[in-house]
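Worksheet: the structure to be examined is printed underneath.
What follows draws every value from the coordinates through simple rules; no lab data is involved. Just so it is clear, the structure is predicted and the values come from calculations on it, not from any experiment. Using ideal geometry, Cβ is built from the backbone for each residue, glycine included, and neighbour counts are taken over all protein chains shown.
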Amino acid sequence: MLKVTALQKIYNGGASAVEAVRDLTFELAEGELVCLVGPSGCGKTTLLKCIAGLMPPTSGTVELAGDSVTAPPPDMAVVFQEYGRSLFAWMSVRANVELPLKEKKLPKERRRELVAQSLEAVGLTAFADSYPWQLSGGMQQRVAIARAVAYEPKVLLMDEPFAAVDAQTRADLEDLIRNIWQRLGVTVLFVTHDIDEAVYLGERVLVLSSSPTVVQDDITVDLPAERDQLTTRQDERFTELRARVYAQIQQAKNSAAPAAAH
Amino acid sequence: MTKTDTTDAGPPPGAPAPRGRTRSGLGRALLGAAGIAAFLTLWEAVPRLGLVSDRYLPPATEVLGVLAQRATTPGFWAAVGDTLHGWALGLAIAFAAAVVLGFTLGALPRVRAFTTSTVDFLRPIPSVALIPLAVLLYGTDIRSTLLLVVYACFWLIYIQVLYGVADVDPVAEQTARSYGLGRLARIRYVVWPTTLPYLMTGLRLAAAVALILSITAQLIIGTPGIGQEIAIAQSSNAVAYVYALIVATGILGVLINMGVRVLERRVLRWHTSVRGEATA
């Protein structure tokens, strides 16, 4: 479904070129939920922008369902970390969710239906006429998720979406994402710096190295499909996987120096 | 989970605004009224006590009396109408031109850089320096007023629009692009709302300046309006009427400012500067 091949991104800041991403190759099968973790500053956001078609890579390709991505593709939705800036303060919750559908030229009836369904899916039906800034942070991020869901994407990209919400809200939102993913069968690429979150959410975890970034490890999460904040996190297997990802990230950090000198 | 945690909400959509604001608002209005009363009393007292000759400063009651009496004559209202006409038309032209040019150049950074030095040169030129030119071109026609008003207001709004266009949040911009919003849609749904607070500031400043220049043009060039009336009253030594007209322009200025503020509150009800306590 989503195929990233030999992706490289070099930022040309005049004399000093920075190689943010060196050589990334991975693939997401249709309907997969994959988490991408890596040490901070490893180019996760750069990678996501390249995949989303918001930024051209220096070399390498991104393919969505066989088509090369050069501009934001119509089958992809992005949920950003900064919900407060990603939602439009001048529009009601309903208008925020509906705007991309208008641009898709969907008929009014269909738009109304999709907005109602997606707001219900995130539990915000009662707040359709509120403005985003009247809601709590967690609710705002749910509006952003509803907007992505209503867009009916084949691939959902999430860029550290829960980094700015409190721990309890975060647990709720994690379950919401699992729930939406299972019901809609959408392919999800979830970027995070939180190891627990990556293991809890993902069917697979890709561990990135330090910048210049390559895929360091690809771990299949063989936990049961039905996950629960209490039992899953106490599961022995969860702890093992968590330890493995943690060890990989430590290794990525420590190997940063020789890799950079290379 | 969906049902239960909707209760962690902030205020529900139609929640009443906190009371404190209306009460202190009332207190402030009372203080304001008391201030005006004190000012009028002082104005009444100074000429009556002989501190200033009432040939130069007639007492407040006399001036307000003349104003009330003139306000029943059609000539007075024609002058007010002419002034407002020049004000509104000039402001509208400046607004439209500044918005169109500001958005165009805001989207073309190279052209903008190319014009910046010229703009910085033209902007500080006081509009009144154009009076001889206006007279030469249009005489005492309303177009003379418009030239001065448009020139001064255009820069005020134009600069604000440029700031606003440059202030678009990159995350909002990326969101719009990732959801397939084209260039025009992004201008309409992202750039325009981002620019609105700046635009309203420019409009508020320009609305006041437009009135000043409208009166100036009438006073000095003699285009029709309150300014021209003041010049005529002065030359016929009707001192109380001169003051009455000055008071009238003051009232006009206050009304215009109030109008723009109401507009600002309506248009920017979503903006941090207006939504204020409602979200706290």
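For this structure, a couple of remarks:
- The residues packed around A:P132, meaning those with a beta-carbon under 15 Å from its beta-carbon, carry a net charge of +2 if Lys and Arg are +1 and Asp and Glu are -1.
- Computed 3J(HN,Hα) for the range B:233-249, one whole-Hz value per residue from the Karplus formula 6.51 cos²θ - 1.76 cosθ + 1.60 where θ = phi - 60°, is 4, 5, 5, 9, 6, 8, 4, 4, 5, 4, 4, 4, 5, 5, 4, 4, 5, glycine and proline marked x.
- Per-residue HN-Hα couplings for the range A:68-79 [Karplus 6.51, -1.76, 1.60; θ = phi - 60°; Hz; x = Gly/Pro]: 5, 8, 10, 9, x, x, x, 9, 10, 10, 10, 10
- For the range A:55-210: rounded, prolate or oblate by the Cα gyration tensor [a/c cutoff 1.5]: oblate
- For A:Q216, residues with placed amide H under 5 Å, excluding near neighbours: A:V207, A:L208, A:S209
- Built amide H within the under 5 Å cut-off of A:L2, gap 5+: A:L28, A:A65
- For the residues of B:265-275, the average number of beta carbons from a partner chain within 10 Å of their own beta carbon is 2.
- Alpha carbon centroid spacing (whole Å) that separates the range A:34-63 from the range A:78-151: 25
- Whole-Hz couplings from phi, Karplus 6.51/-1.76/1.60, listed for the range A:127-144; x for Gly and Pro: 10, 4, 9, 6, 9, x, 6, 8, 9, 6, x, x, 5, 4, 5, 5, 4, 4
- Cα-based Rg of chain B normalised by 2.2 N^0.38 Å, two decimals: 1.29
- Principal semi-axes in Å for the range A:130-262 [√(5λ), Cα gyration tensor, largest first]: 28, 19, 15
- Sorted from longest to shortest, the spans of the Cα atoms of the protein assembly as shown along the three principal axes equal 98, 52, 48 Å.
- Averaging the Cα positions of each part gives two centres, and for the range B:114-152 and the range A:159-223 these lie 61 Å apart.
- Only beta bridges with both residues in the protein assembly as shown are counted; by DSSP, about 50 percent of them are antiparallel.
- Cα-based helix-to-principal-axis angle, A:236-254 vs chain A, degrees rounded to 10: 60
- In terms of other Cβ atoms within 10 Å, B:Y243, B:Y56 run from fewest to most in the order B:Y56, B:Y243.
- Reachable aspartates and glutamates from A:K44, criterion Cα separation under 14 angstrom, eight or more residues apart if same chain: A:E19, A:D23, A:D159, A:E160, A:D194
- Rounded if a/c under 1.5, otherwise prolate or oblate - the range B:80-208, Cα gyration tensor axes: prolate
- Cut-off 13 Å between beta-carbons: net charge of the residues surrounding A:A167, Lys and Arg +1, Asp and Glu -1: -4
- Local electrostatic count at A:K108 - Lys and Arg +1, Asp and Glu -1, tallied over other residues with Cβ under 12 Å: +2
- Taking the inverse of the mean 1/r over every pair of distinct Cα atoms in the range B:200-259 gives a Kirkwood hydrodynamic radius of 12.0 Å.
- The range A:1-143: C-alpha gyration tensor shape, a/c 1.5 cut-off, then a/b vs b/c: prolate
- Across all directions, the shadow cast by the convex hull of chain A built on its C-alpha atoms averages 14.5 square nanometres.
- Measuring between alpha carbons in the structure, the pairs from A:K105/A:K154; A:K3/A:K105; A:K49/A:K104 lying more than 24 angstrom apart are A:K3/A:K105.
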